[in-house]
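A short write-up of the structure that comes next.
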Amino acid sequence: MQAILVDDKYKLIPGNVDEPDVGATEIKIRVKAIGVNRADTLQKKGLYPPPTGVSDILGLEVAGEVCELGINSKRFQIGDRVFALLAGGGYAEYVAVDERLAMPLPENLEYGKGAGIAEAFLTAYQALFPLADLKKEETVLVHAGASGVGTAAIQLAKRMETDIIVTAGSKEKLDFCMDLGAKVGINYKFTPHFDEEIRTRGYDGVDVLIDFVGASYFDKNMSIMNPDGRWIILALMGGRKTNEINLGKILIKRLKIMGSTLRARSNEYKSELIAGFSESFLPLFGTGELKPVIDSTYPLEEVEKAHEHMESNRNIGKIILKV
C-alpha cells in the first residue's frame, strides 16, 4: 500500500509498505481521510517517537470504510463507515485497529469531518470529565481555544452550562470561540496577564483549566485557580521547566494538577474512554448539536503543506488530509 514516510532529512515522502495484518479482534479500514495533529509534526522531527510496537508511520486518527474483519471481530461489518483512534499508522491507505477503538460514523458526516473527531474530542472529553470531573455551572479556562482540542472542549463544556473562558492569538480565533459557546475571549498577544484580565471580567478565578502551554503560563495559571480547582496539562508549547514553584499555593488552594497524554495509554483504557464518550456524546454528532471544526483539507500528497499550516498556528480547528 501507499503511505507517507519520513526521510533522513525529516521530510515527508510517499512510499510503499506492506499492508497491516489484522489481529483477531481488529478491523482493517480503507482510509478515506486523516486528521493531522501537532504530535505528527513533532514525531516527524524525531521529538515524539511512537510507543513500543506501534507503526512508525505518522497519524493518530482516520475515517474510512471497514474492509476486513479479524476472526473474532464482532462489532462491525464489511462496508461500515467508521472513524478511529490510533497510536500510529494513519498516513496510509489502510490501517488495522482494535475494533474497540473505532466508532460508527454518523450518516450526516462525510469522511473528512469524521477524521476530525477522535483525537480532539476524546482528548477534550478525557480532560474535562474523567480527569477534571467538570460540574455544572463551574468556570472553565481553555488555553489555545481555537485548536482542535480547544474547539472540542468548548462544545463539551457548554453542555454542562459552564462559563467558558478562552485564550487565543487573534480576533478571528476569539470570535470563532465565542460563536461556539465561550463567554470570555482573551487575546494573549495583547493581554499577556490573562489572569488579571479574567478578574476584571468579574471572575475570582476558574475551577477547571485546560492547559496546552506549560511553563510560560505556570505562575499566571496558579494565580487564577479557584480553591479545589483542577488543572489539566495536555501539552508544553510554552516550555517544560519553570524556575520556581510555590508549593504553598497548591496546598492552600487544594489544587489537583494533572498531566495527561492519550497516545501511549493501553487499549483497555482507550476503549473505556471511547465507551463513555460514545454513550454521552456520540449521538449529538448525528443531530448536529456537536460538530468537528474543520479548518482546511489537503490532498494526501500535499501533507507537507498541511504540516506547515499547522506549525504556523493559523488554523482554527482541525486540518484534514484526504486520501
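The values are calculated or read from the model by the stated rules, or taken from the named source; none is laboratory data. Just so it is clear, the structure is predicted and the values come from calculations on it, not from any experiment. All Cβ positions, glycine included, derive from the backbone under ideal geometry; neighbour counts span all protein chains shown.
Closer than 24 Å to G276 by Cα, touching a residue at least 24 places away in the same chain (Cβ under 8 Å), over 16 Å from the mean Cα position of the chain (by Cα) and not in a strand (DSSP E or B): is that true of E161 in this structure? Yes; evaluated as a whole, the condition is true for this residue. No other residue among I257, I250, I245 is over 17 Å from L128 (Cα atoms), more than 18 Å from the chain's Cα centre (by Cα) and modelled with pLDDT of 95 or more apart from I250.
Taking the criterion of being of a type in the set (S, T, Y), more than 19 Å from E289 (Cα to Cα) and touching a Lys or Arg at 6+ places or on another chain (Cβ under 9 Å), the only residue of segment 151-207 that qualifies is S170.
With respect to G89, determine if the residue is surrounded by 14 or more Cβ atoms within 10 Å (Cβ to Cβ), at pLDDT 95 or above, assigned to a loop (DSSP other than H, G, I, E, B) and in contact with a strand residue (DSSP E or B) (Cβ under 7 Å, 6 or more places away or on another chain). When the stated conditions are applied, G89 passes them. Taking the numbered list (1) buried (at least 21 other Cβ atoms within 10 Å of the Cβ); (2) in a loop (DSSP other than H, G, I, E, B); (3) basic (K, R) in turn, K136 passes all entries but (1). Being part of a loop (DSSP other than H, G, I, E, B), in contact with a Gly (Cβ under 8 Å, 6 or more places away or on another chain), of a type in the set (D, E, K, R) and outside the structural domain of G35 (by TED's automatic domain parsing) is a property that K173 lacks. Considering segment 194-302, the qualifying helices (runs of 4 or more DSSP H), each wholly inside and each with 1 or more residues that are in the same structural domain as D56 (by TED's automatic domain parsing) and crowded, with 19+ Cβ neighbours inside 10 Å, run over 267-280, 283-287.
Looking only at segment 47-68, filter to residues that are crowded, with 18+ Cβ neighbours inside 10 Å, of a type in the set (A, V, I, L, M, F, W, C) and part of a loop (DSSP other than H, G, I, E, B); which one of those is farthest from the chain's Cα centre (by Cα)? Looking at residues that are crowded, with 18+ Cβ neighbours inside 10 Å, of a type in the set (A, V, I, L, M, F, W, C) and part of a loop (DSSP other than H, G, I, E, B), I get I57.
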